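J.: Could you have a look at this structure, given as structure tokens, before my questions?
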Amino acid sequence: MTQFPHLELSYKGDASKKRPRFSRDVNPRTKRNLQDRKQHAEQLSQDIQDLQATSEGTQSLTLFLQIDPDTVPVETLRRFDIEVVAEFEDGFILGASADVDLLTLRSKIERFLGGKQTSVGGLWSIGDGKPWKMDHILSPFLQEKWPEIMGMPRVIVDLGIACVGTLELPPMPRQEPNEDEKHYQRHVAMWEVRRQKVFYQWDELHIQREAALMNPMEVRSSNSGTRLMSYRTAFSLG
């Protein structure tokens, strides 16, 4: 059982991908975005600008996004170089990106504006989620104890490392009706090589993130005097 039952943490294994719940009718909000691409592109660009203004000097970004849950697969976000950390109801996503300039996402928005891309229409909003974090990231127990914690002179925190990144396991090939067993097994062998490569890259990412966590910096809260062992990331509860 997960140690964080209040968070729908993203897990990537060999299971089949979750598919979007396609509806016959396009969501009205997505439809408006597709009809007025200029306004939607400008709004997303402003969202990115606001997010970066509050995250200056960091080595990664934490993003709070809302997507169209009926038409946009969560996996689409990885194509924007956004790592999915947790999924919530109504299309709300907690994500992270090492691309602090969000160049890939900006490129997708430009393509959307030029009529060469459609999935951005289902990316409804981007933000830092500050008002949201306290309610969703802290467990009910921590929410209750938070006023006491902020008054403590020293806080010891256990940190976990997410290592999926934006990498994606390739789906196992299916044997075609007229495909002989020998030919199919060659496809499976090539798939196994690609699959192991992804696992290796996950291990490398784990090592990199673990090394980053070994270089903490101590900061002092200006409000309460609380000393926190923090790290140079964009993620904060305040």
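J.: Can you list, largest first and rounded to whole Å, the semi-axes you get for the stretch 28-136 by taking the square root of 5 times each eigenvalue of its Cα gyration tensor?
T.: Values: eigenvalues 85, 54, 31 Å².
Those come to 21, 16, 13 Å.
J.: For a protection proxy built on the mean count of beta-carbon atoms within 10 angstrom, sort 40-46, 197-203 highest first, please.
T.: On the way: 40-46: 17.6, 197-203: 12.7.
Descending packing order for the listed peptides: 40-46, 197-203.
J.: Which one, Ile48, Ala86, Thr62, is farthest towards the positive end of the dipole of the stretch 28-136 when Lys and Arg carry +1 and Asp and Glu -1 on their Cβ?
T.: Towards the positive end, the residue furthest out is Ile48.
J.: Next question, about the same structure. If you place +1 on the Cβ of every Lys and Arg, -1 on the Cβ of every Asp and Glu, and leave all else neutral, what size is the dipole of the stretch 28-136 about its Cα centre, to the nearest 20 Debye?
T.: Details: 13 positive and 18 negative charges, 103 e Å.
Value, rounded to 20: 500 debye.
J.: Here is a follow-up. How far apart, in nm, are the 7 Å Cα→Cβ label points at Ser107 and Val155?
T.: Result for the modelled spin labels: 3.8 nm.
J.: Taking 7 Å along the Cα-to-C-beta vector as the label spot, tell me the Trp191-Asp25 distance in nanometres, rounded to one decimal.
T.: My value for the distance between the label points is 3.9 nm.
Laboratory data are not the source of any read-out in this text; all were calculated from the coordinates shown. What you see is a predicted model; the values in this text were computed from it and never measured. Ideal geometry is used to build each Cβ from the backbone, glycine not excepted, and the neighbour counts take in all protein chains shown.
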